[in-house]
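Before any comments, here is the structure.
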Amino acid sequence: MVPERVREVVAGPATNQPRRLLRSRRRAGLLMVAPALLHALIWIGIPLVAAVVLSFTSYDVLTPPRFAGLDNFRELVHDDVFRRAVLNTSVYTFFTVPVAMTIALLIALMLNSKLTGRAIFRTAIFIPQVTATIAVALVWLWIYDPRSGLANAILSFLGLDGPNWLSSTSWAMPAVIMVGIWQGIGLKMLIYLAALQSLPGELYEAASVDGASKVRQFFSLTVPLLKPATFFVFVTSVIGAFQSFDQVYILTDGGPANSTTMMTYEIYKSAFREFRMGYACAQSLVLFALLLMLTLVNRRITGGDRGSR
């Protein structure tokens with residue numbers, strides 16, 4: 001029998017070499033991600049900790065923060081306007097996200113086929129995504145103009161009386177939702193198109209040989225295989241919808257009668273119009289908690305990225 005010490009001496013170089021290689025790769029990886037980690041720490045980590053701390057204070061920027069305990073959160077519970085903002089944001093998200101995702105998937109399916117001028121259509125659909133939201137809102141401000149806007153001109157051509165879109169408590173939110181759907185289709189379409197082009201073609205060939213129709217292939221193959229992309233699109237879309245601000249600020253300024261005010265808009269008002277930074281931080285934490293909860297629920301329902309395994 002070979003003594004234990006002899007085995008360690010003999011086996012040492014052979015076993016230490018892979019470990020040294022693993023450690024060197026780990027160090028190289030950490031060095032590569034260090035700039036991104038530093039950026040996240042400075043611009044995400046520190047502000048997040050500061051927001052949590054300030055949410056328990058009364059702070060108006062001009063004077064030092066004063067500890068207020070849970071006063072900000074107690075006020076939030078009884079704040080009718082913020083509750084209305086939470087409801088409006090939920091309604092906006094409920095309609096914009098699934099509708100835009102469905103339209104984007106249908107467009108991606110069409111562009112994934114042998115369609116003439118695919119590049120032109122792809123560019124035209126994606127342009128609103130890279131256009132400044134304020135510029136988009138200004139264009140839609142003209143479209144919704146009750147006297148000379150395109151929307152009422154089309155309705156008048158059809159023999160219908162157009163509403164006063166942005167001044168009506170009944171039509172202001174649908175008008176904002178329409179803008180959100182229109183602007184959000186481009187990026188979702190691009191993600192779905194990239195996912196469709198990466199799907200294995202042999203599965204569809206086998207399904208065709210077995211006699212599966214295009215509809216059956218879509219629901220039995222395409223939808224399950226797109227689960228990771230759908231999870232990513234849904235999470236980013238919900239986060240984007242909950243953070244909607246520019247179009248509301250330009251189109252309606254939260255009105256009429258708070259019918260289109262959003263959570264981010266109320267946070268902006270509390271922080272930069274009323275200078276109640278502590279209260280705004282408490283509102284931000286509620287927004288963060290809602291987004292985290294929705295993300296975890298969706299991951300639990302859809303399985304997250306396990307669909308690709």
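Which one, Ala241, Ala175, Ala135, has the greatest fluctuation when you compute a Gaussian network model over the chain with C-alpha springs under 10 angstrom? Of Ala241, Ala175, Ala135, the most mobile in the Gaussian network model is Ala135.
Nonpolar atom fraction for segment 126-180, defined as the carbon and sulfur part of the 1.4 Å probe accessible area, stands at 67 percent.
Going by accessible area, probe 1.4 Å, with all protein chains left in place, what is the ranking of Leu193, Leu62, Leu48, largest first?
Leu62, Leu48, Leu193
Counting heavy atoms of the protein chains alone, Glu202 has an accessible area of about 120 Å² for a 1.4 Å probe.
When you restrict to C-alpha pairs under 8 Å that are six or more residues apart and normalise by the size of segment 77-302, the relative contact order lands at 29 percent. Distance between the modelled labels on Thr116 and Ala50, one decimal in nanometres: 5.8 nm (7 Å Cα→Cβ projection).
Surface composition of segment 25-70: carbon plus sulfur atoms hold 79% of the accessible area, using a 1.4 angstrom probe and ignoring ligands, DNA and RNA. Placing dummy labels 7 Å off each Cα toward the beta-carbon, the span from Ser156 to Leu38 is 6.0 nm.
Go ahead and set up a Gaussian network model of the chain, Cα springs under 10 Å, then flag whichever of Val52, Val130, Val235 fluctuates most. Highest fluctuation among the options: Val130. Solvent exposure of segment 143-275, expressed per residue, is 50 Å² of accessible area, with all protein chains present and a 1.4 angstrom probe. Build a GNM of the chain with springs between Cα atoms under 10 Å apart, and of Ala119, Ala282, Ala194 the one that fluctuates most is Ala119.
The values are calculated or read from the model by the stated rules, or taken from the named source; none is laboratory data. Just so we're clear, the structure is a prediction, and the values are computed from it rather than from any experiment. Note: ideal-geometry Cβ built from the backbone for every residue, glycine included; neighbour counts use all protein chains shown. When the accessible area is computed, the model is the full protein with side chains, heavy atoms only, and any ligands, DNA or RNA have been set aside. Shrake-Rupley method; radii C 1.70, N 1.55, O 1.52, S 1.80 Å.
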